[in-house]
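A quick write-up on the structure given underneath.
The values are calculated or read from the model by the stated rules, or taken from the named source; none is laboratory data. Please read all numbers here as calculations on a predicted model, not as lab measurements. All Cβ positions, even for glycine, are placed from backbone atoms using ideal geometry, and neighbour counts span all protein chains on display. We work out accessible area using only protein heavy atoms, side chains counted, and drop any ligands, DNA or RNA first. Shrake-Rupley method; radii C 1.70, N 1.55, O 1.52, S 1.80 Å.
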Amino acid sequence: MSAARDEIEQPDPTGRVSGTERMTAFSDGVFAIVITLLVIDLRVPEYHEGELLTGLLHEGASYLAFVVSFVYIGVLWLNHHALLRLIRRTTLALSWINLGVLFGAVIIPFPTAVLASAFTRGDIDDQRAAVALYALSAALMSAPWLVFFGYLHRHPALLEHRVSPGYVRAQRLRPVTGLVLYGLGGLLGWFVNPLLGLIAVIVMIAYHAVTSRGLPRWLTRH
């Protein structure tokens, strides 16, 4: 048993696999920077004497966009943390896929700023475009997560011993749901009402928060 354990614990001399420590540390650093960047677009409003409260209320959409995106990035970090807990080794290919996940996260401050600007100073058409952009960004973010789960299902040797390939395969439902429903939220915001589209996006963020540790195991049994 000791020999078998040593075989698992020793680094791969070919360099094809490695530990997940650097991937985890780098990813945590990226999420920390992104969630901090969100606050840059919050600024003291211009106001005349005695009208500070009015100015703050006028910037209410900016504050709401900040809160939504702060929670969203936090939920993404929780999901990513739970994802990396499924694996004990990584490969170059999986590291590239992880960069795709991080790319989806780092673009969030831009649609957040657009959303805040549209709801603060824009008209209904600007708001439609902003909500559609935000929802599209969120939908595209789901794609690398789907690839990540697919790669792990095809390479079960990277998984922790307690994790079955069947469980990983079932988790692909979550990014698929994100692709579809975020996309529908964008369409709803564009063709029906931007506020309804934004609500749909918030509902999806809540869904990913509730399932941040993965779908319940009783739903993934075959």
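Overview of results
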{"quantity": "Residue that is nearest to residue 85 (Cα to Cα), among those in the stretch 15-26 that are touching a residue at least 60 places away in the same chain (Cβ under 8 Å) and part of a loop (DSSP other than H, G, I, E, B)", "calculated": "20"}
{"quantity": "Within the stretch 87-106, tally of residues that are outside any helix (DSSP H, G or I) and either without any contact (Cβ under 8 Å) to a residue 40 or more places away in the chain or in contact with a Leu (Cβ under 6 Å, 6 or more places away or on another chain) (or both)", "calculated": "2"}
{"quantity": "First in the stretch 27-56 and free of Cβ contacts under 8 Å to residues at least 60 places away in the same chain, second anywhere and of a type outside the set (S, T, N, Q) and open to solvent by 100 Å² or more (accessible area, probe 1.4 Å), Cβ under 7 Å, 6 or more apart", "calculated": "45/58; 54/47; 55/46; 55/47"}
{"quantity": "Residue count for the stretch 65-86, restricted to those that are hydrophobic (A, V, I, L, M, F, W, C) and free of Cβ contacts under 8 Å to residues at least 40 places away in the same chain", "calculated": "2"}
{"quantity": "Candidate set from the stretch 30-50 (those that are in a loop (DSSP other than H, G, I, E, B) and open to solvent by 70 Å² or more (accessible area, probe 1.4 Å)); member that is modelled with the lowest pLDDT", "calculated": "47"}
{"quantity": "Total residues in the stretch 103-138, condition open to solvent by less than 10 Å² (accessible area, probe 1.4 Å) and closer than 30 Å to residue 166 by Cβ", "calculated": "3"}
{"quantity": "Complete set of residues in the stretch 151-170 that are farther than 18 Å from residue 102 by Cβ and at pLDDT 90 or above", "calculated": "153, 154, 155, 156, 157, 158, 159, 160"}
{"quantity": "Index of the failed condition, residue 195 passing every other in (1) exposed (fewer than 15 other Cβ atoms within 10 Å of the Cβ); (2) at pLDDT 95 or above; (3) not charged (D, E, K, R)", "calculated": "(2)"}
